[in-house]
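Have a look at the structure below, then the notes.
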Amino acid sequence: FEVGQTVGGQHVVPPGAENFISAAFCDPQCLNPFLEELGQPIKIFANVLHAHLLGVQLNLRLIRDGVETYVSRDDNYDFNLQFVRQLKEELTVLPGDTLVMECNYRTTHKDNVVYGGIGTPNEMCMDFIFYYPRFHLHNCDSTPVWERTLSFAGVEDYTTDPSFQVLAPAHLVNKSYEELVEGVQWTNPKAQEFSSHLLSGNFTSFCYGDPASSVDTSSGQLSRRIPFPRGTRTPPEDACTRTTSSATYPLVSALHVLVAVFLALLYS
C-alpha cells in the first residue's frame with residue numbers, strides 16, 4: 001500500500017529553497033479499520049521511497065505511543081537511482097500507529113513554483129510499502145488544508161461556491177490559486193517559513209480501500225481534518241544499517257510508468 005502526500009496542486013514546492021520540507025501521514029482513523037478487518041497486525045519488510053527531480057532527502061517514520069521511529073530513510077535521494085529497500089528487520093504495524101512520510105526538496109535552481117502531479121516535472125512525496133499479510137487498504141494519504149496555503153499567500157476570505165474566488169483583501173480579488181501562490185516573493189527563508197506554516201496547521205486525511213473490503217471509504221467517513229502528528233523522535237540509525245538494497249534494481253523509467261498509471265487510475 002501507499003502512504004504520502006495527496007497528488008495535486010495543494011502540494012506546493014516553492015523555488016529558491018536550499019531545503020524545503022513537505023510531509024504527510026497515514027491517519028490511524030484510516031489504518032485501524034483495515035487492521036481490525038484483517039484481525040492481526042501487518043509486517044513491513046521493504047519499501048520504495050519516491051519523489052521526483054527536486055527530492056534530496058526522504059524518510060518514512062512510525063509514531064507509536066508518542067515516540068517516532070525511523071522505518072526507512074535516504075539522505076542522498078536520487079530520482080535516477082530508485083530501488084526497493086529491504087528493511088534490516090521487519091516492522092510490525094499495530095492499530096493506533098501513525099506512518100509519516102517526509103520529503104526534503106532543493107529548489108535553488110528553480111525560478112517558479114512546482115506543484116504536485118504525476119509528471120516528472122511535477123513533484124511527489126510518497127512511499128510504496130511492501131508488507132504481509134495482505135489487507136484491503138490501498139492508499140493512506142494526507143495534504144495540508146487549502147486555507148493554510150491561501151492564508152500564507154495573504155488571503156483573508158474566500159469562497160468555493162460555485163468556484164474558487166478570493167473575497168478579501170481587495171487587491172487579491174479575481175486572482176487564481178496559482179497566481180496567489182506564485183505571487184509570494186519566494187526566498188530560502190520564506191520557503192522555510194512556509195514549511196513551518198503548513199506543518200503547524202491542519203491536514204486533511206484521505207483513505208482508499210479495496211472494493212472487496214467491508215470497510216466503507218466511499219462515504220468519506222474515514223477522512224478528517226487533524227493537526228500534523230508529532231512524537232518524540234528517536235535518533236536514526238546509520239543510514240547504511242537500517243535498510244539494505246534488494247538484489248533487484250528495477251529501471252527507474254519502468255517504476256515511474258507504473259506509479260503514473262497507478263495514480264492515474266486512482267484519481268480518475
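The values are calculated or read from the model by the stated rules, or taken from the named source; none is laboratory data. Computed from a prediction, not measured in an experiment: that's the story for all the values here. No Cβ is skipped: glycine too gets one built from the backbone with ideal geometry, and neighbour counts run over all protein chains shown. We work out accessible area using only protein heavy atoms, side chains counted, and drop any ligands, DNA or RNA first. Shrake-Rupley method; radii C 1.70, N 1.55, O 1.52, S 1.80 Å.
Overview of results
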item: Size of charge dipole - region 119-203 - debye, nearest 20, with Cβ of Lys, Arg +1 and Asp, Glu -1, no other charges; result: 220
item: S151 accessible area, 1.4 Å probe, all protein chains in place, Å² to nearest 10; result: 50
item: Proximal charge balance of V113 [Cβ under 13 Å; K/R count +1, D/E count -1]; result: -3
item: At q = 0.10, 0.13, 0.14, 0.20 Å⁻¹, base-10 log of I(q)/I(0) for region 11-157 (Debye sum, equal scatterers on each alpha carbon); result: -0.39, -0.64, -0.73, -1.26
item: Rounded FRET efficiency, nearest 0.05, which uses the C-beta distance separating E90 from R64 and R0 of 22 Å; result: 0.90
item: Coordinate range along principal axes, alpha carbons of region 146-195, Å, largest first; result: 35, 19, 16
item: Pairs of Cα atoms farther than 32 Å apart, the chain, %; result: 22
item: Label-point gap, in nm, between Q185 and N80 - each point 7 angstrom along Cα→Cβ; result: 3.7
item: Mean ellipticity per residue at 222 nm, deg cm²/dmol - from DSSP H runs of n ≥ 4 across the chain, formula -39500 (n - 2.57); result: -6000 deg cm²/dmol
item: Lysine pairs meeting the criterion (Cα under 23 Å, 8 or more apart or interchain), as found in the chain; result: 4
item: Check: the chain dipole with +1 on Lys, Arg Cβ and -1 on Asp, Glu Cβ, in debye; result: 320
item: Helix 252-267 vs. the chain, principal-axis angle (Cα, 0 to 90°, nearest 10); result: 70
